[in-house]
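Worksheet: one structure, shown below.
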Amino acid sequence: MSNSSTPNTFQLIHHGAARGVTGSCHELRLGRDSLLIDCGQFQGEAAPARLAVSPARVRALLLTHAHIDHIGRLPELLSCGLNAPIYCSEATALLVPVMLTDALRHSSHDPRSAIEPVLQRLRHQLHPLPFAQWQRLPLSDGSVLYLRLQPAGHILGSAYLELRLPDGQLMVFSGDLGSGRSALLPASLSPERADFLVLESTYGDRLQPQGEPRHRQLKTVVERSLRDGGAILIPAFSIGRTQELLCDLEQILSEVSSREEQWCWRDLPVVIDSPLGADVTRLYRRFRRVWHKEAQARLQAGRHPLDFSQCVTIHDHAAHESLVHRLQQSGEPAIIVAGGGMCQGGRIVDYLKALLPDARTDLLLVGFQAQGTPGRRLQSGCRSLWLEGVEVEVQAHIHHLQGYSAHADQAGLLRFVEGMASPPAVIRLVHGEPEAQQSLAACLMKRWPQMRVELAAMMQAAQTESAG
Ligand SMILES: [Zn+2]
């Protein structure tokens, strides 16, 4: 393990996701130029007030995928004068304006005047690239760098980035890597090789339990929850998890056979209460050519994995409020998939405030809950919490379904490296809490004793100490 500066022709600076999983933003300095890889928002963790990037030296911004913790600071960067091209996959180029419009609508005092200039700039600066083709990026000293996107299997459009530097070195930025458990998107393939790999480590210290397919686990939890009535709340990111859940719920409905199962499932509404989730789902349907062969086969069989009759979408806010009120009064069963994956914002918060004090409610946490978020507190068994200034008692049953992680676990991360023809000389771990980085580093060094493994978490701590 090394914490020394990298004796290379480049310098790599982490403006986020060094000690945690949010705020992804990495700056690759090459002489007078910089490339930025992602510019995400912090969630839960304390964010630096200002992004310490000089837009004038940025030759290109590369986006791995459209999660807000990878793109959320783009409006800030544009308003600071970033006018470099922004490269990403074709699906990401369509998702970015949708995601940022939604984020600005919630965070801005005057959404209309905040959104339009951003969208206008994006129309000029976003350059969608096909997967698996090298793109030329000229630098200011006349040298050239090449970029290639490869599918990462994390969410629609997600990519890992291969960069061929002017000195011939091959750098790979993993972005977020998928779990390989999706029936909707195929798993990522490893790069052929890399000299320097920047690898995410969200689940660097965890192995996902093997066992039943995750839609069966979901079915078991839902059926148990239905016995005492009440709503089943599933906070889910509008992009990725919502579509994965829809796909699995459609699979469960297609398998329902016994009378008892029919009693549970036949009239059970599946409510998508997320205008953003509905918009993103439309894009998932449009890009069916990149779906996993399993989902393609379901389509061929005349099924609709993301669009089935029991699925109801709530668009306007009045309908949302009236549904929250109705469920609070009636305790009738329904599956509610609502935006706000870590329970920190979005429509899920209204359901939580109204229904967490009701013992009939079941809350299914299906994704990673970052430190400092209400989701993390609920996951750790907290029986009361503050939501939007209101103290809420928690009587609901809390379940944690691990199969829905959108990230590779420790074994998956190791497989990503093992799949290369030869292991990288250097791996720098990012996008993970310090324990996750340490645990993954230990595995990597045990497997490849010659490899240099650097931990962004340790490097940042060292930088902070010397600065302080
Ligand atoms: Zn992500």
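A short reminder: the numbers here are calculations on the coordinates, not readings from a lab. Note that the structure is predicted; figures quoted are calculated from it, not measured. Positions of Cβ are backbone-derived with ideal geometry, glycine not excepted, and every protein chain shown enters the neighbour counts.
Couple of notes before you dig in:
- Summary value for the chain: 18 percent relative contact order, contacts being C-alpha pairs under 8 angstrom separated by 6+ residues.
- Orientation-averaged projected area, Cα convex hull of the range 147-210 (nm²): 4.9
- Spin-label model, E294/S257: points 7 Å from Cα along the beta carbon direction are separated by 1.9 nm.
- Relative contact order (%) - the range 263-327, alpha-carbon pairs under 8 angstrom, separation at least six: 52
- Order by protection proxy (mean Cβ within 10 Å, highest first), peptides 347-354, 136-143, 161-168, 119-126: 347-354, 161-168, 119-126, 136-143
- Residues in the range 360-379 that a label on H400 would reach, taking backbone N under 17 Å of a point 7 Å out along Cα→Cβ: 363-379
- Given charges at Cβ of Lys, Arg, Asp, Glu: the range 214-404 dipole, positive-most of V394, G229, G277: G277
- Using only alpha-carbon positions in the chain, the gyration tensor eigenvalues give semi-axes of 37, 24, 22 Å once each is multiplied by 5 and square-rooted (largest first).
- Formal net charge of residues neighbouring I71 (Cβ-Cβ distance under 13 Å; K, R +1; D, E -1): -4
- Taken over the Cα atoms of the range 239-316, the convex hull encloses 91 Å³ per residue.
- Dipole of the range 214-404, positive end: most advanced residue of W265, Y404, Y351 [Cβ charges, Cα centre]: Y404
- Where both bridge residues fall in the range 214-404, DSSP classifies roughly 15% of the beta bridges as antiparallel.
- Relative contact order for the range 130-206: 23 percent, from Cα pairs under 8 Å spaced at least 6 residues apart, divided by residue count.
- Electrostatic dipole magnitude of the range 321-467 [Cβ: Lys, Arg +1; Asp, Glu -1; Cα centre; debye, to 20]: 420
- Measuring nothing but alpha carbons in the range 214-404 and taking Rh as the Kirkwood radius, the Rg to Rh ratio lands at 0.95.
- Principal semi-axes in Å for the range 98-186 [√(5λ), Cα gyration tensor, largest first]: 29, 22, 10
- A simple charge model with +1 on the Cβ of Lys and Arg, -1 on the Cβ of Asp and Glu and nothing else charged puts the dipole of the chain at about 900 debye relative to its Cα centre.
- Mean ellipticity per residue at 222 nm, deg cm²/dmol - from DSSP H runs of n ≥ 4 across the chain, formula -39500 (n - 2.57): -10500 deg cm²/dmol
- Between the amide H of F368 and those of A406, distances stay under 5 Å, these residues lying 5 or more places away or on another chain, with hydrogens modeled in the peptide plane.
- Among 83-90, 385-392, the order from most to least packed when residues are scored by Cβ within 10 Å on average: 83-90, 385-392
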